[in-house]
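Structure, as C-alpha cells:
The values are calculated or read from the model by the stated rules, or taken from the named source; none is laboratory data. These numbers were taken from a predicted model, which means no experiment stands behind them. Glycine also receives a Cβ, built like all others from the backbone with ideal geometry; neighbour counts cover every protein chain displayed.
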Amino acid sequence: MELLTHILGAIATVILAFVVGMSYGGIVRKITARVHNRIGPPWYQNFIDAFKLYGKTTAIHHGWMQIMGPAFLMVSSVVTLMFIPVLTNGGWFPNLNFEGDLIFLLYLMVFGPLGMALGAGQTGNPNSAIGVTRGLSQMVGFEIPWVMALVALMIQFDTTSITGLMEAQAQSGTWNMFSSPFAFIAAVLAMLGMFRYSPFDIVGAPTELASGPVSENGGKYLFTMMSSGSIFAFVKLTLYVDIFMGGADNLVILLLKTFSIYMIPVLYGIVSPRYRTEQAIRFFWGWPLFFGVLALIYASIF
Amino acid sequence: MEMIYLIFIIFLGGAVATYLLGKINGVLRDITFLATLIVPAVLFYTQVSIGQTVDFSMSGMNLQWGITDFGYIFAYIVLGLGVLAGIYAVAAMKGKENLGFFYSNYILSIMAMMGILFSRDLVSFFIFWEIMTWSSYLMVVFSGKDVQKVGIKYFIFSAVGAYAMLMAIVTTYSLTGSMMIDSLVTAYPGFDFSMQLLIPILLLIGFGVKSAMMPLHVWASGSYSHAPMAYTAVFSGALSKMGIYGMIIVIVSLVSQIPEGHWFREVIAWLGGITAVGGTLWAVAQDDAKKLLAYSSVAQLGYIIVGVGVGTPLAMLAALFMAVMHGLFKGTLFMAVGAIEKQTGTTNFTEVTGLIRKMPLTFLASLMSIIALAGIPPLGGFIGKWMLYESLVGSDHYMLVIVVFFSSTAAFLYCYKFLFGFFLGQEEPEWAHVKEAPAMMVVPMIIMAIGSFILGVFPGLILNPIDAGLQELGYASTQGRYWEMSMLFNEWGDKVVLQPILYTIIAVFVFFFVFVVAKNFKKTRYVSTKDISSSGEIPKAHENLTFSRGFFQPFLRAVEPLMKHQIDPLYTGFGRGMEAIFDFVRRIYTGNGQTYALYAIIFAVLLLIFKNQLFGL
Amino acid sequence: MINDKNSQKIVDIIQNWARKQSIWVLAYGTGCGAIEIPPTMTSRYDAERLGVRGAATPRQADVLLITGYLTTKTLKRVIRVYEQMQDPKYVIGFGSCTINGGMYYDSYNTIKVLDKYLPVDVYINGCMPRPESVLAGFGKLQELIGNGEANGATKYKENLEWYRANQKKIIPNWVMPEYNW
Amino acid sequence: MVGSPVLLIAIPLLAAFLIPLLGMIWKELVRIIPGLVLAYMMILSASLLYYVLENGPIIEVLAGWRPPIGINLVFSPFTGFLATIMTFLGFIVWLYSYRFKRNVEFEPSKKYFIFLMMLVAGSVGIVLTGDIFNQFVFIEIVGISAYALTAFYTGRNAAEASFKYLLMGSLSASALLIAIAIIYSQLGTLNMADIADNIHLMDPRFKVIAMILFIVGLGIEAEIFPLNGWAPDAYTEAPGPIGAAFAGIVVKAGVYAMVRMVFTLFDVSGAVDFLLIIGLITLIIAETTALRQEQLKRMLAYSSIGQMGLVFVAFGIGTTEGIFAALFLMLNHAIIKPLLFFSGSYLVFNSKDKKISEMNGLGKYMPMTAAFFALGSFAIVGLPPFAGFWSKLSILTAAANEGMLLIIALILMVSVVEIVYYFRVVNRIYFFKFDKVTSVVPHKPRINAVIAMAVLGILILVIGFYPDAVTGVLHQASDDLQNTQQYINNVLSVGQTLTN
C-alpha cells in the first residue's frame, strides 16, 4: 500500500512539476513580451508547442546515443525531482526526499545534461558540440559560487540534507535568505547561470549556434527535452525555495515562492544581451565568488 | 615451503620463463604470462592469510614479509587489475616486437607491487619499490618515443623520490637500529623534532613522486601516455596507488603521532587539492587521449591525497574507496584508449571521430567508466566523492572543499571531451574500416566497468575490507556509522540510499525508453552524420565537420591565469642549468698533460699550505 | 486505438489545432524580404502572440519561409533545408518574386515560379509585403492547418518525381541524399 | 695451506719472461700460458683467502730476512680479499681477451698478455707487500705495463694518452720516492708495520710532508681529484679489457695503498676526514663530468673515478661499517665496471667515433652485449635487486650512523646524475632506431667474451639476491684493516719469533 502511495505520489509530483514548469515557461514568454512592449503568446503557449512537437514525426536519428540523450535528460530530471522535498512535510508527495542530500543532488543534476550532451554529440553537428562545450564551461563557472553557498549553509546548520535545512529554518523561524544573506546572494547570482537566460544563454544561442545542442533534434526529442527542462526548472526553483526560503507548506505558497524567485533570472535576462563564454565564466568568478567567500566566512564565524 | 615465498618465486620464475619463451614460441609465452599472473593471484587469495609472516635475514638486517589488512585493499587493486590488464595485454600487444621483454617487465611490476604490500620492513620495501620503478621505467620507454625526454624525466623523478626515501630509511636505521616499519612507528615519537620532520618529509617526497603529487607530478603525463596502454592501465590504476599506500602509512602512522602533524596534514591536503585542480585543468587542455587521461590520473590522485591529508575516518574511507575506484575506471579508460589505438592507430581527438557505431562495446565501457570518473550516481565514483566532500565539510576544510569541487566540476569537461572526441561527432569514411576490438580486450574492460557499477550500488563490498584496513592503522571501526552495504550516512545523520536511486533511475529510464523513444524507434531511420542541418549545405564525404580543435578554448581562455604558471619549465630550466654547470666542470679536464701535472703540483702545494687545518699538525 | 479511423480523426483535429497555434518558422533569408521579418516579430506587430516563433534549425521548424527571390544557386540549399524538416511541414512563399519572379521576371538566375520546385502552401503577395500581409499570410496558413488542408508536404511526396525533374533542370550537378520519408 | 703468497708474484713474473721463449714453440701458447697462470693465481689466492679467514693472516718472509729489515708479504683477510678480486679479474680479463685481436700479429698479442700478467702481478704485489719500497717497486711495475698497454693501439691518441699517464706516473714515482726517503731518513726502516709502530717518534713536520707526498703519489694511482687527469685518456685509448683491468685492478691497488697509508702507516688525526673530503670532491666532479661526455669509454672512466671517490668517502666515514661498505663497493665495482667495459667496448667497437650518439638501437643487433651493459648500468647506479644496491645501502647506513646527513644527501644527488648518464646510454642502445649511416654492421661478441661477461653478470645477480654470500668475508676484511695494532703485532711477531 505504501509502495502504491509512493508510486502515485511520484507520478503526481512529475505531473505537477511538468505543469508548473511549462506554465512558468509560458509566463516568462508573456512577461518577456510585455517588457518588449508586445502582447506575447498566451501563458499556455508552451503546452501547445510541446503537444505539437510530440505530434511531429521523428523520422531520423544519427545513432542510438541520440535517442538515449533525451532519455537521459528526462531520467535525470525525474530522478532529481524524486529527491526534492516539494512540500515541507512531504504532504502529498512522499518521494525519496528524506534519503538524499545536497551533494548527492548536485551530482545527480549533472547526469542528465551529460547524457544530453552525449546525445547531442552523436548527431555530428558541430553546433551541438560547441553548445555543449559552452554549457559545460559555464557550468564550471556558476558551480563554484553555488557550491560555496551550499557549503556555507551546510556549515551553518551542520547538515547536508535538504530536509534538515528546512527543519533548521522552521526551528529558527527565519529563512536562510535572511539568516545567511551572503550565501543567498551567491546562490542567486549562480542561479542566473543555472537557468541559462540572457546574458547566460550561451549554450543555445540561436543566432550563433542554431540552438546549440538541440540543433539536430526535432519532434519527440525536442519534446522530451522541453518537458524535462521544465521539470528541471521546477526542481531548481523548489530547491532554492527549500533551502533558502524555508520550503512551502502547501502548493499555493510553493507557487508564490518559486515564482518570485524565478523572476530574478528572468527579469535580469530580459534586459541583458549575451555574454561570451569566457566573460560568463569570469562573471561568476567575480562578485558571486566574492559573496561565496563572504558566505563561507560568515558561516564559519557564526 | 612458505606460500609467500612461493608466490614470489612463481612471479620471478614466470618473468624469466616468459622472456625466454618469447624467443621460442608466441603462444607458449602468452600462456606462461597469463599463468604467471593468475596462479599467484589464486594462491594469494586462497592460501595467504592476513597476519601470516615470514622472517629472514639479509646482509645483517632482519626482514619480514606478510600482508596486513591495509595492504589487502591494495592487493585487490594490484592483482585484480594486473590479471585483467594482463588478459587485455595479450590481445592488445599482439604483433608487437619484443613481447617477451614487455611481459616479463609486466610481471616484475606486479611482483614488485605485491612485494611492496608484503614488505613489513623498509629494506625489502625499498628493494621492491625500486624494482617497480625500473620495471615501469622500461615500460615507459618501451615504445621508443621521446625516450630521452620522458623516460629520463620519469626516472629522475623516481630516483629523487626513491633516494629521498632511502635517506629516510638509513636515517631510521641509524636511529632505531632496526629496519622494521613497526619499530619506526613505535620509536617515532621519541625522535627529536628535526628527525620527526625530516623522516616523513623525505618519505613523502618518495611517495609523492609516485602518486604524482604537485609539484612532483611533471613526469606523469608523459610517462602515462608513452607506456603501452596495456601497461598504463596498471601504471595509473595500481602503481600510482603504491605512493598512496606509503603516504597513508607515513601520515597516519608517523605524522599523526606528533602535535605538529596537524599542519603537516593540512599542507598535504592542500597539495592534493592543488594537484586536483592543476591536473584537471591540464587534462581539459589536452588533445591527446593518453595525455588527457594521464592528467586526469594526476587529478584523481589529487583527490585521494586530499582524503589522506584530511585523515578523518570518513576521509580515509573516501580516499581508499577512490583509490579502488580509480583503479577500476582509469584502468578501463586506458584500456579503451589502447583498444582505439590498436584499431585506428591514433589517439588524437582531432583525428579520430565517430567510433560509437564501430566500437559500441568499447564505448559502453568508456561511458560507464567516465560516469564513474565524473562522480555521477549511481556509479561508484560518486560514493568516493560524496564521502570526500562530507569529510571535508565535516572537518572544517571549507576552502578545500571548494577547490576540490571546482576540480571535480571541471572534470566534466574532459570527460565529455573524451567521449565526444573518440566516439561521437562525424563518422568519417577514413575510419569506416574500424572494427570492434578483439574479445580478449573488450571483456576485461566490460568486467571492470560492471565492477565500478556494482561498487556504486553496493559500496559495502569494498568498504568492508577498507574498514578492516583502517583498523589496522589504528582507526576505530567505522562499521555502521558511515555506511552499510548499499547505504551511506554522514556524520550529521543524513543518508543516501543507493538502491532506491538505482531502482528509480532504472524505472524512469525504462519508462521513457519504452514508451517515448522505443515506441517510435521503428518509425525512425538512421541517417549518416553527414546529414545534418548546416545552413542547407551538404557536407562532402571528405568534409569533416566535427568540432574537435580548440575544444574548450573559451574555458581555457577564462582559466588562463591559473594555467600560466607551470612548474615544468622550472624543472627543465634547472636541469639545463645543471648541465651547463656540469659542462663547465668538465673543462677542468683539459686533456693537456701539462695541466694535469700542474694540478698535481698545485694540489701538493695546497696540501702543504693547509696542512695544519687538514691534518691538525 | 490510434489505428481506429474515428479516433484518428479526433486526434488529428486536436493536433491540427496545436499545429496551427504553434508555428515555428525557419526564415530562410534568401532575398530582400527577410527585412520584413524583424518588424513582424517585434513589438509593433508581434507575431508571437499567434504562436509564431523562430526556429533555429530545419529539424525543429514547421514552416519554411522563402523570403523573396530565390536564385538558382540557393535553390539547392533550400531544397535541402526543406527535405530536412520533419513532417508536418509547410512552405510560405514570401513576396512576388516567389510567385512569378517579380521584378526579376527576366533574370537568368532566379527561380520564377517557386511552386515548381517546392510545394508552397501559402503565398504572400507584395513587393515587399508589409508585416500586415505577412501576418495575414500566417493567418491563412493557420486556417489551412486547422482545416487540415495545408498538405504541401504530401503533395511533394506524391509528386516527387515531377519536383525532382524540375529541380534537376535548374541544378546541373545534382548530389543530394535520397529523400525518402 | 696450499701454497705460499710469494707464488702469486713470482709465478706470473717468471711466466712473463718465459712466454716469449715458449711462443717460439707454439704461438698459441702465448695466449694460453697467461690464462693458466692467472687461473692458478686465482685459485691459489682464493684458497689462501679461505685459509686465512679460518686461521688468521699469513706473514710471508722473503729470502729469510726478517721484518723489520727484510721484505715480507702479508696475506691477511683484507689484503687477501683484494688479491683475490684482482686475480679473479685478471683471469676474467684474460678470458675476455683470449681471442682478442686474433688476427693481429703475434708480436702485439705477446706484449698484450705479458703486460696484462705483469699488471696483475704488480697489483697483487702492491696489495700483499709489507714494505713501502717494495710497494714502490710494484707500483712502477704496474705503471710500466700500464703505460705500454695504454699505447697498445699504436696511434696518435693512444701515444698521447700513454704519455700523459707516463708523465703523471713519473710525478707519482718522484713523490713516493721522496716520501720514502724522508721516512727512511727519519725512522730508518721501510717495513710498514715497523713504520706504523714507530711513527709517533717521527718529527711531525716531516711526517706531514711525507704523508702529503704519499697522498700525491698514491692519489695519482688511486685517481683522486685533481690528480686523475690521466685516467680518462688512458681508459679511453687502452683496449677495452685493459680499461676493465684499470678500473678493477690497478685502481684498487692504488686505493689499497692510500688506505693502508692512512689507516696503518700514519697516525695523523685528520687524514681519515681528508679521505672523506677528497672522496666527496672526486665523486662530485667526476660524476658531473661524466654526464657531459660524448664518448662511452670516457664516460665509463669518469664513472669509475667517481666510484673510487665514493669508496674514499666510505673509508673516510672511518667506522668499521664504513670500511665494510667501502670494501663492498670495491668488490661491486670490481665486478660491475669490468662488465660495463667489456660490453661497452663491443658497443664502441661498432661505432666509428666511439661516441654514445652512434649506438642507437644496437640492442636489437647485439642483444647479449646490450643486456649485459644494461645489467651493469642498473647495478652500478645501485638499483635493487642488483649488487650495487647493497654497497650503496651499506655506505648510506654507515654514514647515517655517524649522523652525516648532508653527505648522504650529496651522495644521493650524485647518484641521480649517475642514473641520468647511464640511462641515456641504455635508452639509446635499446629504444632508438638503429642508425645504419653511422654504424657499420655490428660485430658480435665471441663466445669467450660472452662467458666472461656472463660470469660477471651472474655474480652481480648472486650478490644482488644474496648479499650474505660475501658479507662474511667483507666483515672480516674490514675488521682486519681497522685493527692497526693487530697488523703491527702480527708482522713484528713474525720477526720476533724468527729472532728468537
(message) Can you find, within segment C:129-178, the residue that is farthest from C:L75 (Cα to Cα) among those that are outside any helix (DSSP H, G or I) and within 15 Å of the chain's Cα centre (by Cα)?
(response) C:E149
(request) Using the structure shown, decide if B:S452 is more than 29 Å from B:S256 (Cβ to Cβ), at pLDDT 85 or above and of a type in the set (S, T, N, Q). (result) yes
(request) Check segment B:4-12 and report whether any residue there is in contact with a strand residue (DSSP E or B) (Cβ under 9 Å, 6 or more places away or on another chain), farther than 20 Å from B:G327 by Cα and either free of Cβ contacts under 8 Å to residues at least 40 places away in the same chain or surrounded by fewer than 17 Cβ atoms within 10 Å (Cβ to Cβ) (or both). (result) yes
(message) Checking the condition more than 23 Å from the chain's Cα centre (by Cα) and either under 20 Å from D:F341 (Cα atoms) or more than 11 Å from chain B (Cβ to nearest Cβ) (or both), which residue from D:M413, D:M368, D:M404 passes?
(response) D:M368
(request) Give the number of residues within segment D:219-248 that are touching a residue at least 60 places away in the same chain (Cβ under 8 Å) and either assigned to a helix (DSSP H, G or I) or among the charged types (D, E, K, R) (or both). (result) 20
(request) Determine if segment A:55-67 includes at least one residue that is of a type in the set (S, T, Y), within 8 Å of chain C (Cβ to nearest Cβ) and touching a helix residue (DSSP H, G or I) at 6+ places or on another chain (Cβ under 8 Å). (result) yes
(request) Given the conditions (1) crowded, with 24+ Cβ neighbours inside 10 Å; (2) at the interface with another protein chain (Cβ under 9 Å from one of its Cβ atoms), report the number of the one that A:N176 does not fulfil. (result) (2)
(request) Scan (1) of a type outside the set (F, W, Y); (2) within 29 Å of B:R557 (Cβ to Cβ); (3) more than 11 Å from every other protein chain (Cβ to nearest Cβ); (4) crowded, with 19+ Cβ neighbours inside 10 Å for the single condition A:S272 breaks and write down its number. (result) (4)
(message) Quick check on segment D:227-282: of everything there that is within 14 Å of chain B (Cβ to nearest Cβ) and of a type in the set (S, T, N, Q), which residue is nearest to D:I317 (Cα to Cα)?
(response) D:S269
(request) Please enumerate the residues belonging to segment B:381-425 that are over 22 Å from A:S137 (Cα atoms), of a type in the set (S, T, N, Q) and surrounded by 23 or more Cβ atoms within 10 Å (Cβ to Cβ). (result) B:S391
(request) Within segment B:83-99, count every residue that is assigned to a helix (DSSP H, G or I) and under 14 Å from B:T18 (Cβ atoms). (result) 4
(message) All but one of (1) among the β-branched types (V, I, T); (2) at the interface with chain B (Cβ under 7 Å from one of its Cβ atoms); (3) surrounded by fewer than 24 Cβ atoms within 10 Å (Cβ to Cβ) hold for A:V132; state the number of the condition that does not hold.
(response) (3)
(request) Examine segment A:94-111 for a residue that is modelled with pLDDT under 80 and more than 10 Å from chain B (Cβ to nearest Cβ), and state whether such a residue exists. (result) yes
(message) Can you find, within segment A:196-212, the residue that is nearest to the chain's Cα centre (by Cα) among those that are within 10 Å of chain C (Cβ to nearest Cβ) and part of a loop (DSSP other than H, G, I, E, B)?
(response) A:G204
(request) Quick one: which residue in B:M111, B:M139 is buried (at least 21 other Cβ atoms within 10 Å of the Cβ) and either farther than 20 Å from B:M335 by Cα or over 17 Å from the mean Cα position of the chain (by Cα) (or both)? (result) B:M111
(message) Given the condition among the aromatic types (F, W, Y), touching a strand residue (DSSP E or B) at 6+ places or on another chain (Cβ under 6 Å) and in a helix (DSSP H, G or I), answer yes or no: does some residue in segment B:109-124 qualify?
(response) yes
(request) Considering each of B:A285, B:A319, B:A336 in turn, give the residue that is within 20 Å of B:Y414 (Cβ to Cβ), crowded, with 24+ Cβ neighbours inside 10 Å, touching a residue at least 40 places away in the same chain (Cβ under 8 Å) and not charged (D, E, K, R). (result) B:A336
(request) Considering each residue of segment B:76-104, count those that are surrounded by fewer than 24 Cβ atoms within 10 Å (Cβ to Cβ) and within 16 Å of B:M242 (Cβ to Cβ), and give that number. (result) 3
(message) Whether any residue in segment A:166-180 is in contact with a Pro (Cβ under 7 Å, 6 or more places away or on another chain) and either hydroxyl-bearing (S, T, Y) or not in a loop (DSSP other than H, G, I, E, B) (or both) is what I want to check.
(response) yes
(message) Of the conditions (1) more than 10 Å from chain D (Cβ to nearest Cβ); (2) in contact with a Pro (Cβ under 8 Å, 6 or more places away or on another chain), B:E130 satisfies every one except a single condition; which number is it?
(response) (1)
(request) Would you tally the residues in segment A:122-143 being touching a residue at least 40 places away in the same chain (Cβ under 8 Å) and over 24 Å from B:F406 (Cα atoms)? (result) 6
(message) For the condition in contact with an Asp or Glu (Cβ under 6 Å, 6 or more places away or on another chain), aliphatic (A, V, I, L, M) and away from chain B (no Cβ under 14 Å), what is the one hit in C:I10, C:I14, C:I23?
(response) C:I23
(message) Among the residues in segment B:460-476, are any over 21 Å from B:I73 (Cβ atoms) and not acidic (D, E)?
(response) no
(request) Filter segment B:39-62 for residues that are under 20 Å from B:F11 (Cα atoms), among the hydrophobic types (A, V, I, L, M, F, W, C) and not in a loop (DSSP other than H, G, I, E, B) and give the result. (result) B:V39, B:A41, B:V42, B:L43, B:F44, B:V54, B:F56
